[in-house]
Amino acid sequence: MSRESLLTTSVGSLPKPDYLVRARAARARGGITQHDLDELARQATREWIALQEQIGIDVLVDGEQYRGDMVAYFAENLDGMAISGLVRSYGNRYYKKPIAVGPIRRPQPITVAWWEFAQSLTERPVKGMLTGPYTICDWSFDDHFGSRREMVMALAEVVRQEAADLEAAGARYIQIDEPAVSTRLDELELAVEAMGIVTSGLRAHTTTHMCYGRFEEVYPRLLDIPVDEIDLEMTNSGLDLLERFREHPFTKDIGFGVIDVHSHRIPPVEEVKGHIYRALEYLAPEQVYIDPDCGLKTRTVEEARRMLETVQQARDEVRAELASGKVPSPV
Amino acid sequence: MIATAVSHYPKLGDGPGEQALRLAIGRVDRGEAGPEEIERAAEAMTAAAIKEQEAAGLDLVTDGQIRWQDPITYAATRLQGLEIGGLLRWFESNTYFRQPRPSPGIELAWTGPILREDLEFARRHATRPVKAVLTGPYTIGTLSDPSHLGHRRFVLELARALNQELRSLAEARPEWIQVDEPAIVNNPSVRYERDFSLFRDAMAVLTEGVDAPLSLYTYHGDVADVPKLLELPFRLFGFDFVQGPANWDLLREWPQEKGLGLGIVDARNVRLEEIGSLVEQVGRAVALTGEGLIHVSPSCGLEFLPRETARRKLELVARATHAQGVTV
Ligand SMILES: [Zn+2]
């Protein structure tokens, strides 16, 4: 953990600009070629990398401009996975849920070329972004394995291959998201074992993002997940987990979400600084990455930009206050 | 022996015309059409859901709960004294519901029929018997934020309000009134303490004076550890034998006078069951419970599946039911 304190980053997804949303719809109707769509996704990636640099974010993401759903994207690129008809998630929102239909293999790298493209645009590190094997299994149907454990382990092997290729391509940060872990706490050990397969042998800084959970109930077992950093939706969960850190210190790096992304509200900088100071009551500054709670893809481009700016400004002011010794008394 | 569905049915499919409701909601959201367009589409999709259940070979159908956003809010928004809050995950699934809470200063009350019109609409469009299905007070109350009322008082007030709904439904003389109480099951995502005595009290309040055949369905887990479950005032008990294999234990000392809902076709996964295995399970249930009333069904509602798979699952239910050569 010998690095700068309070690095800023974001969880992964960023909103797609209108021209890309329209192009994806056109592509679905067969109106444009995949090549043309990819070119527009590259344009959007350039814009997001430039914007993150301009804001001053330390560890960048490509914003997943070329992906639809975080599970379906991987399923579409794996042998042995197919895509189902539509199922409803809530309200008028439907999605095509993946199905395991045979032995799972990765015919070729999935995200590496996109990561290389994004990294070529900046000197700052860009995170490699993967969906974890437990979440891919949990958010898919199974018409092949008949056992969740077997399916998770088969997926762990292909995600491991992808992580290794990202590292070989030069990725210094690799994030393997497991948002589904919080819904089946009885299977935490399975998720831990699968993550062990994915991260074994990696020298890159590894992170997993989780959300929608009452993590205080699995803390400190959560620390068993074999990654360097766990990124948590701290603000939406009311910072409830912090008290548990007094009893059981958080032994890994933490991605500390400081803005609730499920709301359109852009909080004042002072409020976000308050969250950072709360974090520093329990955690060392070198241990903490500051980011919004979760992926920003459901926000507008403008909301996402303002949220990232707020995160950055809050971090800069806290850093300056810490350096000058003018730390405000706890709020 | 009877083949039936449990509760909901997909609101949309990949086939022609099967997107009517989704498109109508989209148009109304964009201000391109009035709410009557949603109403017309909901009626068409309800009629289609009934037709497909009948075509699959079911003997007893539901209206598919096509108008329901989720299992909680349809009734909750039609009772007085509840506010609807944020989205929460429905058990360990990838679907959500909005969480109700009691409005401060407004008494929780039933102010008029909730499902009566839906039941009558379904009956007009069905050629087979229709059951009325509603989510029970223990589940609504447990998945809500009870706020100032506290869990027990809130659940019992809901039970009192929904008792009036059951009485109103009973006047329409439905074949069955089914109460769904999944919140009482053993499920890995469940983090609340299950309160068996409150559950019993709520079921007593809910069913008091209701003159209709009542069934109690649970799913997403087992209820094998719920004390004196089969003594509750229901004529039939439906269980999920896919996510709750421990439910087989409940069949060991089965009271002759009670009917059994046998949820053996997995409504959470697309894999199609071997008919032989289903027939074997039906046979095992008959052997354990005697020649009583059995309703064979999917393990829970079908909205977790794509429509085409939902149809095939119901065909499996019907084949497994009628393969027995036993008519009850
Ligand atoms: Zn998240």
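The values are calculated or read from the model by the stated rules, or taken from the named source; none is laboratory data. These figures come from a predicted structure and were not determined experimentally. Positions of Cβ are generated from backbone atoms using ideal geometry, with glycine treated the same way; all protein chains shown enter the neighbour counts. The area values use the complete protein model at the heavy-atom level, side chains included, leaving out ligands, DNA and RNA. Shrake-Rupley method; radii C 1.70, N 1.55, O 1.52, S 1.80 Å.
Whenever you get a sec, compute what percent of the accessible area on region A:193-331 sits on carbon and sulfur atoms (1.4 Å probe).
On the way: 2960 of 5820 Å².
Here carbon and sulfur together make up 51 percent of the probe-accessible area.
I'd like the residues of region B:89-116 whose 1.4 Å-probe accessible area shrinks by no less than 50 Å² going from the isolated chain to the full set of protein chains.
With the partner chains in place, region B:89-116 has these residues losing at least 50 Å²: B:ARG89, B:GLU92, B:ASN94, B:TYR96.
Give the carbon-plus-sulfur fraction of the accessible surface of chain B in %, rounded to a whole number; probe 1.4 Å, heavy atoms of protein chains only. Mind showing how you got there, number by number?
Values: 6100 of 12600 Å².
Whole-percent figure for carbon plus sulfur exposure: 48.
Would you calculate the separation in nanometres between label points at B:GLU107 and B:ALA246, each defined as 7 Å from the Cα along the Cα-to-beta-carbon direction?
4.1
With only Lys, Arg, Asp and Glu charged, each at its Cβ (+1 for the first two, -1 for the last two), find how big the charge dipole of the protein assembly as shown is about the Cα centre; round to the nearest 20 debye. Write down the numbers at each step before the final one.
Numbers: 74 positive and 99 negative charges, 210 e Å.
Once rounded to the nearest 20, the dipole reads 1000 debye.
For region B:48-102, what does the accessible surface come to per residue with a 1.4 Å probe? Please give it in Å². Before the final figure, lay out the partial values.
Values: 1760 Å² over 55 residues.
Per-residue value: 32 Å².
For chain B, what class follows from the C-alpha gyration tensor (a ≥ b ≥ c being the square roots of its eigenvalues): rounded when a/c is under 1.5, otherwise prolate if a/b is larger than b/c, else oblate?
Working: a/c = 1.55, a/b = 1.09, b/c = 1.42.
Cα axes put chain B in the oblate bin.
Comparing the chain by itself with all protein chains present, which residues of region B:290-307 are at least 20 Å² less accessible (probe 1.4 Å)?
Buried by the other chains: B:GLU303, B:PHE304, B:PRO306.
For the Cα atoms of chain A, what angle does the longest principal axis make with the long axis of helix A:301-324, in degrees from 0 to 90, nearest 10?
30
Can you give the mean number of other chain Cβ atoms that lie within 10 Å of the Cβ atoms in peptide B:261-271? If you can, show how the numbers build up before the last one.
Details: counts 0, 0, 0, 0, 0, 1, 0, 1, 6, 12, 9.
That average works out to 3.
Taking a point 7 angstrom from the Cα of A:ARG3 along the C-beta vector, which residues in region A:258-295 have backbone N less than 15 Å away?
So the set is A:284-291.
Calculate how large, on average over all directions, the projected area of the Cα convex hull of region B:132-232 is; give the answer in nm² to one decimal. Provide the component values of the computation, followed by the final result.
Numbers: hull surface 24.7 nm².
The orientation-averaged projected area of the Cα hull of region B:132-232 comes to 6.2 nm².
Residue farthest toward the positive end of the dipole of chain B, with Cβ of Lys/Arg at +1 and Asp/Glu at -1: which of B:PRO245, B:LEU134, B:ALA323?
It is B:LEU134, whose Cα lies furthest towards the positive end.
Go through B:PRO113, B:ALA49, B:PRO10 and say which Cα lies farthest out towards the positive end of the charge dipole of region B:1-126; charges sit on Cβ, +1 for Lys and Arg, -1 for Asp and Glu.
Farthest towards the positive end: B:PRO113.
Which whole-number value in Å² is the accessible area per residue of region A:168-317, probe 1.4 Å?
Values: 5510 Å² over 150 residues.
The answer is 37 Å² per residue.
So what does the Cα-only Debye profile of region B:56-123 read at q = 0.19, 0.26, 0.27 Å⁻¹, as log10 I(q)/I(0), no solvent term?
-0.88, -1.13, -1.16
What is the Cα centroid distance between region A:178-192 and region A:18-91, reported in whole angstrom?
26
With a Förster radius of 35 Å, plug the Cβ-Cβ distance of A:TYR73 and A:ARG221 into 1/(1 + (r/R0)^6) and report the FRET value to the nearest 0.05.
For R0 = 35 Å, the calculated efficiency reads 0.75.
Using a 1.4 Å probe on the heavy atoms of the protein chains only, list every residue of region A:75-91 that has 20 Å² or more less accessible area in the complete assembly than in its chain alone.
A:GLY85, A:LEU86, A:VAL87, A:ARG88, A:SER89, A:TYR90
Can you pull the percent of region A:1-81's accessible area that's carbon plus sulfur, 1.4 Å probe, other chains left in place?
On the way: 1620 of 3440 Å².
Answer for region A:1-81 is 47 percent, counting heavy atoms of protein chains only.
Summing Lys, Arg as +1 and Asp, Glu as -1, what charge do residues with Cβ under 9 Å from the Cβ of B:THR139 carry, B:THR139 excluded? Could the numbers behind the result be given before it?
Working: positive: none; negative: B:ASP180, B:GLU181.
Spelling it out: positives minus negatives among the neighbours equals -2.
For the pairing of chain A with chain B, what total accessible surface becomes buried, with a 1.4 angstrom probe, in square angstrom to the nearest 100? Please report the intermediate quantities before stating the final value.
Working: alone 14540 and 13910 Å², together 25810 Å².
So the buried area, both faces added, is about 2600 Å².
What is the dipole size for chain A, taken about its Cα centre, with +1 at each Lys and Arg Cβ and -1 at each Asp and Glu Cβ, in debye to the nearest 20? Let's see the in-between values first.
Details: 38 positive and 53 negative charges, 164 e Å.
Roughly 780 debye for chain A.
Using the beta-carbon distance between B:LEU23 and A:GLN34 and R0 = 25 Å, what value does 1/(1 + (r/R0)^6) give for FRET efficiency, to the nearest 0.05? Don't skip to the end; give the middle numbers.
Details: r = 27 Å, r/R0 = 1.07.
It comes out at approximately 0.40.
Write down the accessible area per residue of region A:95-153 in Å², having rolled a 1.4 Å probe over the full set of protein chains. All intermediate terms of the calculation are to be shown ahead of the outcome.
Details: 2340 Å² over 59 residues.
That works out to 40 Å² per residue.
Of A:ASP18, A:ASP253, which has the most accessible area and how do the rest follow, probe 1.4 Å? Working shown, then result.
Numbers: A:ASP18 110, A:ASP253 10 Å².
Heavy-atom accessible area, descending, gives A:ASP18, A:ASP253.
Take the alpha carbon gyration tensor of region A:223-264, find the square roots of its eigenvalues, order them as a ≥ b ≥ c, and report rounded if a/c is under 1.5; if not, report prolate when a/b exceeds b/c, else oblate. Before the final figure, lay out the partial values.
Numbers: a/c = 3.11, a/b = 1.53, b/c = 2.02.
The shape class here is oblate.
How do A:TYR212, A:TYR73, A:TYR289 stack up against each other in accessible area, from largest to smallest, with a 1.4 angstrom probe?
Numbers: A:TYR212 110, A:TYR73 25, A:TYR289 5 Å².
Solvent-accessible surface, decreasing: A:TYR212, A:TYR73, A:TYR289.
For the protein assembly as shown, restrict the atom set to alpha-carbon positions and state the Rg and Dmax in Å.
Answer for the protein assembly as shown, Rg first and Dmax second: 26.2, 85 Å.
Residues of region A:215-241 with backbone nitrogen within less than 18 Å of a virtual label 7 Å along the Cα-to-Cβ line of A:GLU281, please, listed as ranges.
Answer for region A:215-241: A:216, A:234-241.
Could you pull out the pairs from A:LYS96/B:LYS11; B:LYS11/B:LYS313; A:LYS97/B:LYS11; A:LYS127/A:LYS252; B:LYS131/B:LYS228; A:LYS96/A:LYS127 whose alpha carbons sit more than 20 Å apart here? Working shown, then result.
Values: A:LYS96/B:LYS11 14 Å; B:LYS11/B:LYS313 16 Å; A:LYS97/B:LYS11 16 Å; A:LYS127/A:LYS252 18 Å; B:LYS131/B:LYS228 25 Å; A:LYS96/A:LYS127 27 Å.
As for pairs spanning more than 20 Å Cα to Cα, those are B:LYS131/B:LYS228; A:LYS96/A:LYS127.
Near B:GLY57, within a Cβ-to-Cβ distance under 14 Å, what is the net charge of the other residues, with Lys and Arg +1 and Asp and Glu -1? List each step's numbers first, then the result.
Details: positive: B:LYS51, B:ARG128, B:ARG311, B:ARG312, B:LYS313, B:ARG319; negative: B:GLU52, B:GLU54, B:ASP59, B:GLU315.
Net charge around B:GLY57: +2.
Quote the charge dipole size of region B:131-236 about the Cα centre in Debye, to the nearest 20; the model charges only the Cβ of Lys and Arg (+1) and of Asp and Glu (-1). Don't skip to the answer; put the middle values down first.
Working: 11 positive and 15 negative charges, 11 e Å.
The calculation lands at about 60 debye.
Between A:ALA26 and A:GLU270, what FRET efficiency comes out of the Förster formula 1/(1 + (r/R0)^6) with R0 = 41 Å and r the beta carbon distance, rounded to 0.05? Show your work: numbers first, answer last.
Values: r = 44 Å, r/R0 = 1.06.
That gives a FRET efficiency of 0.40.
Taking 0.36 nm per residue of separation and subtracting the Cα-Cα distance, what length does fully extending A:GLU189 through A:ALA320 add?
Details: separation 131, 0.36 × 131 = 47.16 nm, distance 4.12 nm.
Here the segment from A:GLU189 to A:ALA320 would lengthen by 43.0 nm.
Have a look at region A:55-199 and give its Rg and Dmax from the Cα atoms, expressed in angstrom.
When restricted to Cα atoms, region A:55-199 yields Rg and Dmax of 15.5, 48 Å.
Hey, got a sec? Which chymotrypsin sites (Phe, Trp or Tyr not before Pro) in region B:107-198 land in a DSSP loop and have at most 11 other Cβ atoms within 10 Å?
Passing sites in region B:107-198 are B:TYR192.
Keeping every protein chain in place, order B:HIS151, B:HIS220, A:HIS264 by accessible area at 1.4 Å, biggest value first, i.e. largest first. Intermediate values should be presented prior to the final figure.
Working: B:HIS151 55, B:HIS220 5, A:HIS264 125 Å².
Descending accessible area places them as A:HIS264, B:HIS151, B:HIS220.
For B:THR95 and B:GLU171 in the same chain, what is the full-extension length gain: residue separation times 0.36 nm, less their Cα-Cα distance, in nm?
On the way: separation 76, 0.36 × 76 = 27.36 nm, distance 3.37 nm.
Residue separation times 0.36 nm, minus the Cα-Cα distance, leaves 24.0 nm.
Taking +1 at the Cβ of each Lys and Arg and -1 at the Cβ of each Asp and Glu, which of B:GLY261, B:SER299, B:LEU214 sits farthest along the dipole of region B:173-328 towards its positive end, judged by Cα position relative to the Cα centre?
B:SER299
Which of rounded, prolate or oblate describes region A:117-249 when judged by the alpha-carbon gyration tensor and an a/c cut-off of 1.5? Before the final figure, lay out each step's value.
Values: a/c = 1.91, a/b = 1.11, b/c = 1.71.
Oblate shape, in that a/c is at least 1.5 and b/c is the bigger or equal ratio.
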